[in-house]
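Structure, as structure tokens:
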Amino acid sequence: MEKIIDGKAVAARIKEEIKEEIERTGVKPCLAVVLVGEDPASKVYVGNKKKACEYCGIGSLSYELPADTGEEELLELIHKLNNDDKVNGILVQLPLPPHISEDRVIDAISPDKDVDGFSKQSAGALMTGEKGFLPCTPAGIIELLKSYNVEISGKNCVVMGRSNIVGKPAALLLLRENGTVTVTHTKTENIKEITGKADILVAAVGKPRLIDESYVKEGAVIIDVGIHRLDPEKNNGKKLCGDVDFDSVAEKASLITPVPGGVGPMTIAMLMKNTLLAVKR
């Protein structure tokens with residue numbers, strides 16, 4: 001289907017460009033990845049990040065800690081990595097176990113090594129339009145739109161979801177590109193009236209297949225950030241889905257991201273880009 005946005009292909013192009021620049025310039029970026037616990041999805045993500053580093057020529061350090069690791073022990077490791085001149089980027093895989101404060105951990109990472117773009121300094125830079133590390137998933141969304149020549153300036157953009165990791169920064173990046181942006185959330189009234197006017201609809205609500213064709217106007221561009229694991233026996237063999245009911249919405253959309261293979265690969269590609277950027281700075 002021509003209307004499908006191929007995130008794998010765009011991510012592969014970005015990683016190839018990073019690989020070529022590293023080979024050409026001789027820089028040696030290094031990314032430290034910290035995983036606490038045995039969350040299966042997190043282990044898959046970390047594995048994919050290691051593979052991307054290897055392909056691009058980025059060195060990677062892996063710290064896989066048991067689920068009962070104390071918060072102070074984790075903060076000590078981050079402090080050590082902050083002071084290691086060989087490490088350019090630090091990524092702590094979320095979610096963390098309940099006894100560890102994600103806010104404290106994110107705040108402990110040096111802003112110069114915050115390649116996830118989650119720190120308060122990175123968030124402030126995004127808000128004010130200054131240079132800084134952009135959160136990887138929202139940055140990947142903008143890259144996808146540009147790669148498919150989607151005009152953002154002046155368009156009606158609706159972001160469904162207001163998380164600090166995706167919803168809010170995605171809205172700010174669309175605003176930076178001169179989109180007219182509305183953010184909807186669980187307290188929004190008449191939500192379908194709002195989403196039904198969107199030229200670009202970003203779904204980041206965290207509920208499987210919530211958005212069907214009744215939310216979408218004809219010809220809209222649909223970006224599905226959600227990812228959910230399904231029971232293949234109940235879902236015609238499908239193991240994953242997004243926040244969007246792909247089959248019904250694809251009939252009305254002009255462009256749409258699939259799950260998997262849409263936004264997901266872009267998140268890792270933009271992480272590689274941020275790690276290279278950390279070396280340059």
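General remarks:
- Inter-label distance, nm, simple model (7 Å from Cα along the C-beta direction), Glu71/Asn235: 3.4
- Secondary structure note: in the chain, about 5% of the DSSP beta bridges are antiparallel.
- Value of relative contact order over segment 134-281, rounded to a whole percent, pairs C-alpha under 8 Å and six or more apart: 23
- One decimal place: the segment Ser153-Ala41 gains 36.8 nm when fully extended, by the rule 0.36 nm per residue minus the C-alpha distance.
- Residues of segment 13-33 falling in the label zone of Asp112, defined by backbone nitrogen less than 17 Å from a point 7 Å along Cα to beta-carbon, are 28-32.
- Here the dipole of segment 203-253 is about 200 debye; that uses its Cα centre as origin and unit charges on the Cβ of Lys and Arg (positive) and Asp and Glu (negative).
- In the chain, the DSSP-assigned H stretches of four residues or longer account for a calculated mean residue ellipticity at 222 nm of -12500 deg cm²/dmol, using -39500 (n - 2.57) per stretch and the full residue count as denominator.
- Relative to the longest principal axis of the Cα atoms of the chain, helix 7-25 runs at roughly 30 degrees.
- Cα-Cα over 22 Å, subset of Lys51/Lys120; Lys3/Lys252; Lys49/Lys113: Lys51/Lys120
- Cα centroid of segment 180-245 to Cα centroid of segment 80-138, whole Å: 28
- Using a simple spin-label model with pseudo-atoms 7 Å out from Cα toward Cβ, Asp103 and Ser254 lie 4.2 nm apart.
- Shape call, segment 26-112: gyration tensor on alpha carbons, a/c limit 1.5: oblate
- For a label point 7 Å along the Cα-to-beta-carbon line of Glu130, residues of segment 82-116 with backbone N under 11 Å: none
- Value of relative contact order over segment 25-76, rounded to a whole percent, pairs C-alpha under 8 Å and six or more apart: 50
- Two-site FRET efficiency, Glu218 against Glu16, from Cβ-Cβ distance with R₀ of 41 Å, rounded to 0.05: 0.70
- Label zone at Lys146 (point 7 Å along Cα-to-Cβ), backbone N below 13 Å, segment 171-207: 173-174, 176-178
- DSSP beta bridges in segment 136-264 [antiparallel fraction, %, rounded to 5]: 10
- Relative contact order of the chain, pairs being alpha-carbon contacts under 8 Å that are 6 or more residues apart, as %: 22
Only the coordinates and a few stated rules stand behind these numbers; no lab work does. Because the structure is a prediction, the values reported are computed rather than measured. Neighbour counts are summed over all protein chains in view; Cβ atoms, including those assigned to glycine, are modelled from backbone coordinates with ideal geometry.
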